[in-house]
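S.K.: One structure is given below, represented as structure tokens, and several questions about it will come after.
The values are calculated or read from the model by the stated rules, or taken from the named source; none is laboratory data. Worth saying up front: this structure is predicted, and the values here are computed from it rather than measured. Glycine gets a Cβ as well: all are built from the backbone with ideal geometry, and neighbour counts include every protein chain shown. Ligands, DNA and RNA are excluded from the accessible area calculation, which covers all protein heavy atoms including side chains. Shrake-Rupley method; radii C 1.70, N 1.55, O 1.52, S 1.80 Å.
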Amino acid sequence: VQLQASGGGLVQAGGSLRLSCTASRSIFSFNVMGWYRQAPGNERELAAEIKSGGSTKYLNSLKGRFTISRDSAKNTVYLQMNTLKPEDTAVYYCGVADTDGMHYWGKGTLVTVSS
């Protein structure tokens, strides 16, 4: 499985970005799709995930600001990020787990939020 992430960039605090991650096969083959992030000096953490049934989960500090969604026709999962803060600066990674329990990662996309 190949995952192509895009949408990162430089934005001022309070601004918005939308990340996209397109998979090389149907997203119906995945039990969960998620966005993870890793800030300098920190461990990678789950930002948001969406399960095959549509349920979502967010890092507490992102609730109300970030929204994960998917488009099965485009085999794509999105992360809409609003009201961005400098502490959201990180490399964001798309990750999926398929129905066989295999995990796949895309290359990260850098999000930089300036104060």
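S.K.: Please indicate, with yes or no, whether at least one residue in region 58-81 is under 16 Å from residue 108 (Cβ atoms), within 16 Å of the chain's Cα centre (by Cα), among the acidic types (Asp, Glu) and not in a loop (DSSP other than H, G, I, E, B).
M.R.: For region 58-81, residues under 16 Å from residue 108 (Cβ atoms), within 16 Å of the chain's Cα centre (by Cα), among the acidic types (Asp, Glu) and not in a loop (DSSP other than H, G, I, E, B): absent.
S.K.: Mind checking which residues of region 1-12 are at pLDDT 95 or above and surrounded by 14 or more Cβ atoms within 10 Å (Cβ to Cβ)?
M.R.: 3, 4, 5, 6, 7, 8, 11
S.K.: Taking residue 77 as the residue in question, decide whether it is under 19 Å from residue 52 (Cα atoms), in contact (Cβ under 8 Å) with a residue 60 or more places away in the chain and surrounded by 20 or more Cβ atoms within 10 Å (Cβ to Cβ).
M.R.: Values: under 19 Å from residue 52 (Cα atoms): yes; in contact (Cβ under 8 Å) with a residue 60 or more places away in the chain: no; surrounded by 20 or more Cβ atoms within 10 Å (Cβ to Cβ): yes.
No: the conditions fail for residue 77.
S.K.: Still on this structure, please answer the following. Scanning for something at pLDDT 95 or above, among the aliphatic types (A, V, I, L, M), within 15 Å of the chain's Cα centre (by Cα) and surrounded by fewer than 15 Cβ atoms within 10 Å (Cβ to Cβ), does region 83-93 turn up at least one residue?
M.R.: No, region 83-93 contains no residue that is at pLDDT 95 or above, among the aliphatic types (A, V, I, L, M), within 15 Å of the chain's Cα centre (by Cα) and surrounded by fewer than 15 Cβ atoms within 10 Å (Cβ to Cβ).
S.K.: Mind checking which residues of region 18-31 are within 20 Å of residue 112 (Cβ to Cβ) and either in contact with a Ser or Thr (Cβ under 8 Å, 6 or more places away or on another chain) or buried (at least 20 other Cβ atoms within 10 Å of the Cβ) (or both)?
M.R.: Hits for region 18-31 are 19, 20, 21.
S.K.: Here's a check for you: in region 56-74, which residue that is open to solvent by less than 60 Å² (accessible area, probe 1.4 Å) and in contact (Cβ under 8 Å) with a residue 12 or more places away in the chain is nearest to residue 14 (Cα to Cα)?
M.R.: Restricting to residues being open to solvent by less than 60 Å² (accessible area, probe 1.4 Å) and in contact (Cβ under 8 Å) with a residue 12 or more places away in the chain, the top hit is 65.
S.K.: Also, I was wondering about something else. Look through 64, 14, 95, 101 and report the one residue that is of a type outside the set (Ser, Thr, Tyr) and in contact with a His (Cβ under 8 Å, 6 or more places away or on another chain).
M.R.: Just one listed residue meets the conditions, 95.
S.K.: Return the total of residues in region 87-101 being under 13 Å from residue 1 (Cα atoms) and in a strand (DSSP E or B).
M.R.: Final tally of qualifying residues: 5.
S.K.: What are the residues in region 37-55 that are part of a loop (DSSP other than H, G, I, E, B), at negative phi and open to solvent by less than 60 Å² (accessible area, probe 1.4 Å), if any?
M.R.: 39
S.K.: Being open to solvent by less than 30 Å² (accessible area, probe 1.4 Å), modelled with pLDDT of 95 or more and not in a strand (DSSP E or B) narrows it down to one of 15, 34, so name that one.
M.R.: 15
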